[in-house]
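Below is one structure; the comments refer to it alone.
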Amino acid sequence: MSDDARMTVPDEGGKHRRQDEPIPEVGAPLAASTVVEAPDGSDVVAPATVEGVAAPGVVARKAKRKPLTFWQELPLLVALAVVLAVLIKTFAFQAFVIPSESMESTIMTNDRVMTNKLVYDFRDPHRGEVVVFERTGAWPELTNMDVPKSSLGRAIQDAGKFIGFVPSGTDFIKRVIGLPGDTIACCDAQNRMLVNGQPLDESAYVQGSSAQMGWKGPVTVPAGELFVMGDNREHSSDARVFGTVPINKVVGRAVFVMWPREHWKGLRVPATVEQFSTPPSGAMGAVPSLGAVALVLPLAGLRARRRRRLRRPAA
């Protein structure tokens, strides 16, 4: 009888084996390894036993990773918080402290305001909006700030500037009165500012007389710049003194007073100003900045990925 024709006998599981093959012991490996398919589709190499093979679908489980302790997670959480804070401050929102009375009584001295830094990446400022802008041209740097002598004190002060609880000394907050191409003058018989020869009704926020400082104009706002003024007209050094502000120096739009709690309010444009007139032809829409694109594109990608996953049929 040839080797291929040797007799086979059934074993306990009903399977046949060759007569000359040794009978495996219960619990002993049948082979060096057995490749099985894991639930996620990957191949897992696992030892097979007599009992294991008799029970189909048995899959070897990978050892679970030991969870991180609190002290191991803490540096990661702190690093993540710092990265998120920098991204939000750089691209989205930033707090500023008001160091002077120039915007009273809309915004009081030492109030904290939240500024939207994204809005002007997609359009130019509108008349009547309160804006924060960087020092430029003849605008002076605030010099009445005490600088700590110690390095620790200076570090704390810099951190306060970063989060908006200490005045930066180089940022200003005013209201937009004139857009590119507008002609601004002061004033009519009721002490109202004249924009393109028309009186601007600012009674909802102006404190004092716009004519008190003696500026008369007229001045035509250059392309790409803004004519800005403080709401406290008798105590505000603004475009009447230092000239217009380039739009590219605008940090963002102040949207609400966030501190102290009793001063909470939104900084909306009154209807009398919002509906005053359409922007002149010289006011062009802004092109989205790289910062805004860098922030928006990942969010759009996550939304698209989620939609694809929802559309995928269940296995």
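Structure notes:
- Checking each residue in segment 186-239 for being surrounded by 15 or more Cβ atoms within 10 Å (Cβ to Cβ) and polar (S, T, N, Q) picks out Asn191, Asn196, Gln207, Ser210, Thr220, Asn232, Ser236, Ser237.
- Test: Val273 is surrounded by 13 or more Cβ atoms within 10 Å (Cβ to Cβ), touching a helix residue (DSSP H, G or I) at 6+ places or on another chain (Cβ under 6 Å), modelled with pLDDT of 55 or more and not in a loop (DSSP other than H, G, I, E, B): no
- Residue check for Lys174: at pLDDT below 60 and surrounded by 14 or more Cβ atoms within 10 Å (Cβ to Cβ): no
- Among the residues making up segment 119-133, those that are of a type outside the set (A, V, I, L, M) and either in a loop (DSSP other than H, G, I, E, B) or within 17 Å of Met103 (Cβ to Cβ) (or both) are Phe122, Arg123, Asp124, Pro125, His126, Arg127, Gly128, Glu129, Phe133.
- Among the residues of segment 219-248, the ones that are of a type in the set (D, E, K, R) and outside any loop (DSSP other than H, G, I, E, B) come to 4 in all.
- Count of residues meeting criterion [within 22 Å of Leu118 (Cα to Cα) and either crowded, with 16+ Cβ neighbours inside 10 Å or in contact (Cβ under 8 Å) with a residue 12 or more places away in the chain (or both)] in segment 245-269: 17
Here is a yes/no grid of residues against (1) in the same structural domain as Asp124 (by TED's automatic domain parsing); (2) over 22 Å from Pro180 (Cβ atoms); (3) within 30 Å of the chain's Cα centre (by Cα); (4) touching a residue at least 60 places away in the same chain (Cβ under 8 Å):
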position	(1), (2), (3), (4)
Ala211	yes, yes, no, no
Trp215	yes, no, no, no
Pro218	yes, no, no, no
Glu225	yes, no, yes, no
Asn232	yes, yes, no, yes
Arg240	yes, no, no, no
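The values are calculated or read from the model by the stated rules, or taken from the named source; none is laboratory data. Please read all numbers here as calculations on a predicted model, not as lab measurements. No Cβ is skipped: glycine too gets one built from the backbone with ideal geometry, and neighbour counts run over all protein chains shown.
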